[in-house]
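Please read the structure below before turning to the comments.
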Amino acid sequence: MAAPCPEDPSLERHFKGHRDAVTSVDFSPNMKQLASGSVDSCLMVWHMKPQSRAYRFAGHKDAVTCVNFSPSGHLLASGSRDKTVRIWVPNVKGESTVFRAHTATVRSVHFCSDGQSLVTASDDKTVKVWSTHRQKFLFSLSQHINWVRCARFSPDGRLIVSASDDKTVKLWDKTSRECVHSYCEHGSFVSCVDFHPSGTCVAAGGTDSTVKVWDVRTHRLLQHYQLHSAAVTALSFHPSGNHLVTASSDSTLKILDLLEGRLLYTLHGHQGPATSVAFSRTGEYFASGGSDEQVMVWKSNFDTVDSGELTKVQRPPAMLAGSSGNRPETAFPVPPSRGRSQELGQSQPQEPTSMPQTLTSTLEHIVGQLDVLTQTVSILEQRLTLTEDKLKQCLENQQLIMQRTTP
């Protein structure tokens, strides 16, 4: 008996609260929160639980261009046109720490998978790497010759990929800080880039309305799509690695089947350019933002996996026979999760793993608490420094007054 066809993606919810175009979206790892940044200079943290109030974080002095949750979900990074990066604790207080080193608009922020590092990209033509816990700038990568629009860590944290208005995508070795390779196939500005969950491929989109996929081991162009009628503004891999979602200035979102190298769905929801898109950590949902000030949450319906299955289905895309729309030369077997949908949190039989689930959860909780503790200590240190400065100034003023009064 043939397996039932998966349903089309469906609009699940939409959030309205921003006062200008939405620039970026990201889900927290536990799917309880969704963050968005906007030209209105604010971050919103939306609660996926119905009837819950959203948090509005104000602190940036200009448009917020990018947001990203830490792997534990206890920290939230943002970048802005005000040239700063902020790390927030996404709770009702909304306290933040400011990172300064860029000299122009910060376009992209992304945490490393271990939560220890943050990579940022800027109009100052640099990619910068920061220590999250030490709250410290570490080093710059400076070979781009135009604005850098996006930068991402590889899943293992060893590589960084960046996309620039100089029409290149560059691959960097984090340890040696060297540029490993430059991909020059784009005919115009490259606006977004991301690693495939397997870490073996990268996909990039640009103002030439194309999406390209390269193998980072052989540096070969694997797939090329020209499906949008305007600039590709954002993209996100499904956690299984089988699908890619793209957002475009043509107001649509498109779901690509990477195993077969074809377009699956075109989604019309935003009135005006779609500016951002991101899958949740399980792939059950994806979110999009647009210049219409709206944040939309879509139910995938086509390829949901739980965390126990992710390692089993992360296959890299196949090499295409032609430029676009053709079937891949190499046929990959269909993964077991394909063609069915699972509810978030539904228990599935899993293969035995080396670490018990309870221990993993406990460790994740400890890491999360350390994140919060580090952030709190940093804020206390800043306040203590400020108090010390004021005390020093008072003592200096007192000495001056005594010198003047002494005959």
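How many residues, within segment 66-99, are farther than 24 Å from V127 by Cβ and open to solvent by 20 Å² or more (accessible area, probe 1.4 Å)? Quick ask: steps written out before the conclusion?
Step one: list which residues in segment 66-99 are farther than 24 Å from V127 by Cβ, which gives 73-74, 89-95.
Now drop any that are not open to solvent by 20 Å² or more (accessible area, probe 1.4 Å), which leaves 74, 91-93, 95.
So the count comes out to 5.
Please work out if G205 is at pLDDT 95 or above and either open to solvent by 40 Å² or more (accessible area, probe 1.4 Å) or part of a loop (DSSP other than H, G, I, E, B) (or both). No: the conditions fail for G205.
Does T266 fit the bill of being modelled with pLDDT of 95 or more and over 19 Å from R152 (Cβ atoms)?
Working: modelled with pLDDT of 95 or more: yes; over 19 Å from R152 (Cβ atoms): yes.
When the stated conditions are applied, T266 passes them.
Condition check: assigned to a strand (DSSP E or B), more than 27 Å from I366 (Cα to Cα) and assigned by the TED database to the domain that holds T282. Does T97 satisfy that? For T97, the condition - assigned to a strand (DSSP E or B), more than 27 Å from I366 (Cα to Cα) and assigned by the TED database to the domain that holds T282 - is not met. Which residue is most open to solvent (accessible area, probe 1.4 Å), if the candidates are limited to segment 221-252 and must be assigned to a loop (DSSP other than H, G, I, E, B) and touching a residue at least 60 places away in the same chain (Cβ under 8 Å)? Ranking the qualifying residues of segment 221-252, first place goes to Q226. Counting only residues that are outside any strand (DSSP E or B), under 26 Å from Q33 (Cα atoms) and within 21 Å of the chain's Cα centre (by Cα), segment 253-279 holds 2 of them. Just to be sure, is S307 outside the structural domain of S108 (by the TED database) and either among the small types (G, A, S) or modelled with pLDDT of 95 or more (or both)? Yes; evaluated as a whole, the condition is true for this residue.
Residues are listed down the side, and each one gets a yes or a no for (1) open to solvent by 10 Å² or more (accessible area, probe 1.4 Å); (2) in a strand (DSSP E or B); (3) modelled with pLDDT under 95; (4) under 23 Å from G205 (Cα atoms):
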{"residue": "T103", "(1), (2), (3), (4)": "yes, no, no, no"}
{"residue": "S108", "(1), (2), (3), (4)": "no, yes, no, yes"}
{"residue": "D124", "(1), (2), (3), (4)": "yes, no, no, yes"}
{"residue": "R149", "(1), (2), (3), (4)": "yes, yes, no, yes"}
{"residue": "R152", "(1), (2), (3), (4)": "yes, yes, no, yes"}
{"residue": "P155", "(1), (2), (3), (4)": "yes, no, no, yes"}
{"residue": "W172", "(1), (2), (3), (4)": "no, yes, no, yes"}
{"residue": "H181", "(1), (2), (3), (4)": "yes, yes, no, yes"}
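Residues are listed down the side, and each one gets a yes or a no for (1) touching a Lys or Arg at 6+ places or on another chain (Cβ under 6 Å); (2) touching a residue at least 60 places away in the same chain (Cβ under 8 Å); (3) in a loop (DSSP other than H, G, I, E, B); (4) not polar (S, T, N, Q):
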| site | (1), (2), (3), (4) |
| --- | --- |
| R19 | no, yes, yes, yes |
| T23 | no, yes, no, no |
| S36 | no, yes, no, no |
| W46 | no, yes, no, yes |
| S52 | no, no, yes, no |
| R56 | no, no, no, yes |
| S72 | no, yes, yes, no |
| A77 | no, no, no, yes |
| D82 | yes, no, yes, yes |
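The values are calculated or read from the model by the stated rules, or taken from the named source; none is laboratory data. Small disclaimer: the values here were computed from a predicted structure and weren't measured. As a convention, Cβ positions derive from the backbone with ideal geometry for all residues, glycine included, and neighbour counts pool all protein chains shown. In case anyone asks, the SASA skips ligands and DNA or RNA and just uses the protein heavy atoms, side chains included. Shrake-Rupley method; radii C 1.70, N 1.55, O 1.52, S 1.80 Å.
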